[in-house]
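Structure, as structure tokens:
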Amino acid sequence: KWGDAAHKWIKPGNLLNSGPGNYKIPSINDIPINFKVSLLKGNPNSKGIHSSKAVGEPPFFLASSVFFAIKDAIKAARAEMGLGNKWFPLDTPATPERIRMACFDEFTSPFVTLDFCPKLSV
């Protein structure tokens, strides 16, 4: 984002996201309202997967940020039970059952141990 009339909090002519310290993964809000795209015809990309011209970083990292937010919430719930920051397993997908059992409280403790790791049902 550049400092201009639309971004008054940035000094005019300066780039806000000029380094990795303030890099934000692009999201749906970063797409202009009038956004027209066409792919170049006859320009193969021999280095891409199946000649792909796409980048998978934003959706991959946005999805993983949800998983780690869930894991942080579980850490907070476990800290309330006096478990501190001890490691605990949480496999993907983070299903409601796995999340609930990982919280480890008075309701789940009769059924699981602190190192409980549920088996995949596939």
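As a rough guide to protection, the peptides 100-107, 28-35 ranked by mean Cβ packing within 10 Å, highest first, stand as 100-107, 28-35.
With the whole protein complex present, Arg98 retains an accessible surface near 30 Å², based on a 1.4 Å probe.
The values are calculated or read from the model by the stated rules, or taken from the named source; none is laboratory data. Everything quoted here is computed from the prediction, not taken from an experiment. Positions of Cβ are backbone-derived with ideal geometry, glycine not excepted, and every protein chain shown enters the neighbour counts. Just so you know, the surface numbers come from the protein's heavy atoms only, side chains and all, with ligands and any DNA or RNA stripped out. Shrake-Rupley method; radii C 1.70, N 1.55, O 1.52, S 1.80 Å.
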